[in-house]
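The values are calculated or read from the model by the stated rules, or taken from the named source; none is laboratory data. Since the structure is predicted, the reported quantities are computational estimates derived from the model, not experimental observations. All Cβ positions, glycine included, derive from the backbone under ideal geometry; neighbour counts span all protein chains shown. Side chains included, ligands, DNA and RNA excluded: accessible areas come from the protein's heavy atoms. Shrake-Rupley method; radii C 1.70, N 1.55, O 1.52, S 1.80 Å.
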Amino acid sequence: MTSATVAPKREYYEIKVYNVTSSVQEEKVERFLKDAYLPALHRAGISKIGVFKPVETDTVNFGKKIFVLIPFTHSTNLENLLKHW
């Protein structure tokens, strides 16, 4: 009897980095993510999205960057999403 090898489940990730230059711009990006982008991703079936900001002790990036991590279960999910943007 032989055992079939099962390929590991692949995951795909998109990382977006928003560079902000002021607290006003940071607030606008946060509002866009909260009110438009994240709800659109949820409607597309992507429920677990990570939004991260550097901690205050990161004196280089604090208040200057917002990171968004979007996981995809298949590469066509990413391709389909990109077609709509």
Quiz item: What does the charge add up to near ILE66, with Lys and Arg as +1, Asp and Glu as -1, over the other residues with Cβ less than 12 Å from its Cβ?
Solution: +4
Self-check item: Phi to ³J(HN,Hα) by Karplus 6.51 cos²θ - 1.76 cosθ + 1.60 over the stretch 41-47, Hz, x for Gly, Pro
Solution: 5, 4, 5, 7, x, 9, 9
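Order GLU14, GLU30, GLU56, most accessible first, counting only protein heavy atoms with a 1.4 angstrom probe.
The ranking, largest first, comes out as GLU56, GLU30, GLU14.
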Practice problem: Go through VAL6, VAL60, VAL20 and list them by solvent-accessible area, largest first, probe radius 1.4 Å. | Solution: VAL6, VAL60, VAL20
Quiz item: What nm distance separates the two modelled labels at LYS9 and PHE67, each placed 7 Å from Cα along Cα→Cβ?
Solution: 2.4 nm
Quiz item: What are the semi-axes of the equivalent ellipsoid of the stretch 1-75, taken as the square roots of 5 times the eigenvalues of the Cα gyration tensor, listed largest first and rounded to whole Å?
Solution: 34, 17, 7
Exercise. Sort LYS34, LYS65, LYS53 from largest to smallest accessible area, using a 1.4 Å probe on the heavy atoms of the protein chains.
Key: LYS34, LYS53, LYS65
Quiz item: How much net charge surrounds LYS34 when only the other residues with a Cβ under 12 Å from the Cβ of LYS34 are counted, with Lys and Arg +1 and Asp and Glu -1?
Solution: -1
Practice problem: Consider a paramagnetic label point 7 Å from the Cα of HIS74 along Cα→Cβ; state which residues of the stretch 31-50 have an amide N under 12 Å from it. | Solution: none
